[in-house]
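**Student:** Below is a structure I'd like to ask you about.
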Amino acid sequence: MSFSTGLSLTDLNDYISPSQSCIKPVEVNKKSDIQQAIKIDQTGDYYEVAHDGTSTKLETASISLNDCLACSGCITSAESVLIALQSHKELLDVLDKNRVARDEGRLDDVKVVIVSISPQTYATFASKYSITLLQTAQRITSVLKNLGVDHIFDTSFSRDLSLIRIAREFVDRYRTAKAAPRSATRSETSLPMLASACPGWVCYAEKTHDYVLPYISKTKSPQQIMGSLTKFFFADKLNTQRQVASNDTLSTITPDRIYHLSIMPCYDKKLEASREDFFIPDFNAKEVDCVISSGELDKLMEERGIDFPNVDEVPLDRLFTKRNLARAAGTSSGGYLEYILSYSARELFGLDLKGDDVERGESSLLKIETVRNADFREVSLILPDGSVGLRFAATYGFRNIQTLMRKIKIRRCQYDFVEVMACPSGCINGGGQLKPGLLESITPAVNGSSEALGNGPLALKAMKPKEWIQLCERVYRTLPTQDPMANLPLQDVVHDWFGEAGLDSQKAERFLATKYRALERESTITAVVGW
Amino acid sequence: MAKIKLLAELKGHHDRTWQISWHRSGQFLCSCSGDRTVHETKPVPVDHPLVWHCLDVLEGVHKRTVRGVAFSPVGDDIATASFDGTTGIPSRPGYECVAPLEGHENEVKSVAWSHTGNLLATCSRDKSVWIWEVLGDGDFECVSILQEHTQDVKMVLWHPTLDILASASYDDTIRIWRDDDDDWYCSATLSGHTSTVWALDFNAAGDHLVSVSDDQTMKFWRCETPHELTSTGATLRFRQDPTWKCVATLANHHTRCIYSVSWSKIHGLVASSSGDNSICIFAPDRITAAHGISDINCVQWNPSPDYADILASAGDDGVIRIWQVTDVE
């Protein structure tokens, strides 16, 4: 079994790694009760040998993403097991089928193919090729359009909606928690509120720490909000356009007629897309049909013989894409801490604090501390009278999650909000990102990144994983920042989609919120062994 | 030939005894067992370890076997490793009850305090080694989760004077872990044993290691510090870690798996215990049928100069035996 590149890093060994005990029972298709023998040939294939001597090759049992979600054996995705179902080959298959359907005139079978791309994906390619993020996005757009993809969206766009909703959720929760008497029970109004965007963390919590589930924000991740946007809002838009254009001669676009793929820094996003909460039963469809990693996009281009440095740069799609690919202030993990802190400083205390201020740490309203290591930061809002208004933290990586879990377990957690991410250094270092080992053939960096690389190819070749991550983070931050509320096209979408009530509407709740459930750990061994 | 005398038998446990840890004073010890308890036991009077009294039975902390126990090298804290997947920091008189450390997926096999008592390491069947920083007052911060072993990790042990950790595994290797700017990494992998490495111990100086294995051998490893680099800045980018070289292998002393080893920090004698029911002492000497027909899971030299001739052993018979070893060359 080959492990993903994400597991080959030795200097950053803080990932949640696959468990040894996959306990998912595999369904056995027993065809007869007659006793048979099993034979193994030289290539390692298994054959069932019947009494009459005939042998049948046995199929290898395969495990799907849904199996992994339902199993408590592994604590998270077990990247090595589950990639088969969602790979870049699936995208190519869909595009091929579209071509055949078009050639044969079966237009109703043609799917609208949409690819949503994460900004961390752009950052990893921009770092590898020493080009700007905008150039990177323009080249990837060109590659995907040439393959036959219809639309390319930017998950920074849906992330703004995720940020706005989570900030509102925090303020509500904070007010409720402060109004209620201190309670011993852990409820959905307890503090701290914990970020929900990292599926590795959410999956880990569901499988091993059920007591923290009530603390996790209900806001869907940018990927899944983009899923709702494409499968519902965008489908409706398409239908309206088509009715206007063609007087209803074509059938309606339903969620199952859109194929939505996202490109993510992280393998656990594949698991997230497979959650039952994001399944659309009426149409037997998913909000996000397939997730591939940045590394798999790289592989796809390599297989297609695409010479990335010489790809044309074409204009970006304008729909669901931020102008200049602007980002929210904060780290490459999305800026949850920064935005929620600035929003609630205003809402709860009437203080003017910008996300940029929090990112730079430049404000008398802030106190910033590195607690243990770079992956555990505390950011407090200091009120004009000198008291602490809000206590936030960002904890990245498995070890810091452990410390946080213990604080919550023994009720010594002072934080109001924690941005939790499973990977050390956050999303920029996701298991699906490009790795420095792959960079040996690249020429020295030219813009912005040359400082990190020292001088010339030798330094580049010797680049440590940590330096590579720092470079990618810096490259990500070359994007201009924009307050999520200043994303005007998004405001239009919210108004259009949810009506006058906007984010207070039930419809918004339906499309922007989710839930979590604990997975019972099997303890059969204890019962049998008794020691 | 050494003179070895059985001084006492401690028969409080109701199931096999797994491990012993001496208090740094050498005046009492604690032991853990399949009966899910930890016993703290003391000789009376202290100077004549012939009659021992159980001072305290810690029970109710763990739901399954307590596989490992360790006294802090400073203070009086103990830590326990249990098959229930948790690491106990049992409450003691006058101490607030501290919640056990969680995180391992399954059986915790061993627990160890660093020389300052500021770090605590654990290992588990889940193949991982965890390091916690001890902040006092029940606060622990997880410093590292090391997942390089490819199989069950049997034992963790800290260097006697430095923050360097060693671990022994079912993957037949020993790994040495060091700290670089708050990131722990594997600085050396010691290969040579042909089966599970069950236990290890450092000498007093910390420049030698002894390991024992299911392959029935005992190996001695010497730490070799690489030559200082004098070349240009570029090469300084690479870490230079000491390497560990196997300098001796002792075979044919035990006829079955060797489970435990203890290297006295006082007189330098090494004691080993085995599934062949014997304890060996090197300069080699043997106590046959030290626990009758039972496997011997642990031997521990008394750490105090005042009682350096005292050796304790724990066996599958549920008994702790106290030995006196004298007249060694």
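The values are calculated or read from the model by the stated rules, or taken from the named source; none is laboratory data. Since we're looking at a predicted model, the values are computed, not measured. When we count neighbours, we look across all protein chains shown, and the Cβ atoms used for this are built from the backbone with ideal geometry, even at glycine. Surface accessibility is based on the protein's heavy atoms, side chains included, excluding ligands, DNA and RNA. Shrake-Rupley method; radii C 1.70, N 1.55, O 1.52, S 1.80 Å.
**Student:** Give me the 1.4 Å probe accessible area per residue for the range A:206-275, excluding ligands and nucleic acids, in Å².
**Tutor:** On the way: 2080 Å² over 70 residues.
Averaged over the residues of the range A:206-275, the accessible area is 30 Å².
**Student:** Top to bottom by accessible area (1.4 Å), largest first, where do A:Lys269, B:Lys5 land?
**Tutor:** The most accessible residue leads, giving B:Lys5, A:Lys269.
**Student:** Just which residues of the range B:47-84 lose 50 Å² or more accessible area with every protein chain there, against their chain alone, with the probe set to 1.4 Å?
**Tutor:** Residues losing area: B:Arg64.
**Student:** Next up: Between the range B:157-229 and the range A:287-342, what is the C-alpha centre distance in whole Å?
**Tutor:** One Cα centre to the other: 45 Å.
**Student:** A further question follows. Tell me, what is the per residue accessible area of the range B:32-143 in Å², probe radius 1.4 Å?
**Tutor:** 36 Å²
**Student:** Within the accessible area of the range B:237-294, what % is carbon and sulfur when the probe is 1.4 Å and the other protein chains stay in place?
**Tutor:** The nonpolar share, carbon plus sulfur, comes to 53 percent.
**Student:** Once both labels are modelled 7 Å past Cα along the beta-carbon direction, what's the A:Val171-B:Ser304 spacing in nm?
**Tutor:** The two pseudo-label positions are separated by 6.5 nm.
**Student:** A further question on this structure: Which of the three applies to the range B:44-141, rounded, prolate or oblate, going by the alpha-carbon gyration tensor with a ≥ b ≥ c and a/c under 1.5 meaning rounded?
**Tutor:** Prolate.
**Student:** With respect to the cross-link table entries A:Lys207/A:Lys231; A:Lys409/B:Lys127; A:Lys409/B:Lys63, which display a Cα-Cα separation exceeding 22 Å?
**Tutor:** A:Lys207/A:Lys231; A:Lys409/B:Lys127
**Student:** Among the residues of the range B:146-191, which ones have their accessible area go down by 20 Å² or more when all the protein chains sit together, as opposed to their chain alone (1.4 Å probe)?
**Tutor:** Buried by 20 Å² or more upon assembly, which counts only protein chains, are B:Gln147, B:Glu148, B:Asp182, B:Asp183.
**Student:** Show which lysines lie in cross-link reach of A:Lys237 when reach means a straight Cα distance below 18 angstrom and same-chain residues fewer than eight apart are skipped.
**Tutor:** The reachable lysines, counting only those whose Cα sits under 18 Å from A:Lys237, are A:Lys111, A:Lys507.
**Student:** Classify the range B:78-185 as rounded, prolate or oblate from the Cα gyration tensor: take a ≥ b ≥ c as the square roots of its eigenvalues, call it rounded if a/c is under 1.5, otherwise prolate when a/b beats b/c and oblate if not.
**Tutor:** oblate
**Student:** Here is a follow-up. Sort the range A:187-315 into rounded, prolate or oblate with this rule: let a ≥ b ≥ c be the square roots of the eigenvalues of the Cα gyration tensor; rounded if a/c is under 1.5, and if a/c is not under 1.5, prolate when a/b is larger than b/c, oblate otherwise.
**Tutor:** Taking the square roots of the gyration eigenvalues as a ≥ b ≥ c, the range A:187-315 is oblate.
**Student:** Hey, rough spin-label estimate for A:Ser387 and B:Asp180, points 7 angstrom out along Cα→Cβ, what's it come to in nanometres?
**Tutor:** 4.7 nm
**Student:** With labels modelled as points extended 7 Å from the Cα through the Cβ direction, what inter-label distance (nm, one decimal) is found for B:Val247 paired with A:Ala37?
**Tutor:** If labels sit at B:Val247 and A:Ala37, their model points lie 5.6 nm apart.
**Student:** List the residues of the range A:390-406 that lose 20 Å² or more of accessible area once all protein chains are present, compared with their chain alone (1.4 Å probe, heavy atoms only, no ligands or nucleic acids).
**Tutor:** SASA drop of 20 Å² or more in the range A:390-406: A:Phe398, A:Arg399, A:Gln402, A:Thr403, A:Arg406.
**Student:** Give me the percent of the accessible area of the range A:95-141 that comes from carbon and sulfur atoms, probe 1.4 Å, all protein chains in place.
**Tutor:** Ligands and nucleic acids excluded, carbon and sulfur reach 48 percent.
**Student:** At a probe of 1.4 Å, how much accessible area disappears from chains B and A on forming the pair, both sides counted, to the nearest 100 Å²?
**Tutor:** Chains B and A together bury approximately 3100 Å².
**Student:** Let me ask you something else. Near B:Lys219, which lysines are there with a Cα under 17 Å away, not counting those fewer than 8 places off in the same chain?
**Tutor:** Once the sequence-local lysines are set aside, what remains near B:Lys219 is B:Lys154, B:Lys245.
**Student:** Additional query: Please give the per residue accessible area of the range A:299-352, computed with a probe of 1.4 Å over protein heavy atoms only, in Å². Don't skip to the answer; put the middle values down first.
**Tutor:** On the way: 2500 Å² over 54 residues.
Per-residue accessible area for the range A:299-352 comes out at 46 Å².
**Student:** Return the carbon/sulfur percentage of the accessible area of the range B:1-92, one whole number, probe 1.4 Å, all protein chains in place.
**Tutor:** Percent of accessible area from carbon and sulfur atoms in the range B:1-92: 50.
**Student:** Still on this structure, I have one more. Contact order normalised by length for the range B:65-205, with contacts defined as Cα pairs under 8 Å and 6 or more residues apart; what percent is it?
**Tutor:** 15 percent
**Student:** Excluding residues on the same chain fewer than 8 positions from B:Lys5, give the lysines whose Cα lies under 22 Å from its Cα.
**Tutor:** Excluding near neighbours in sequence, the set is B:Lys42, B:Lys265.
**Student:** Right, another one. First measure r as the distance between the Cβ atoms of B:Glu9 and B:Asp137, then evaluate 1/(1 + (r/R0)^6) with R0 = 51 Å and state the FRET efficiency to the nearest 0.05.
**Tutor:** Rounded to the nearest 0.05, the efficiency is 0.85.
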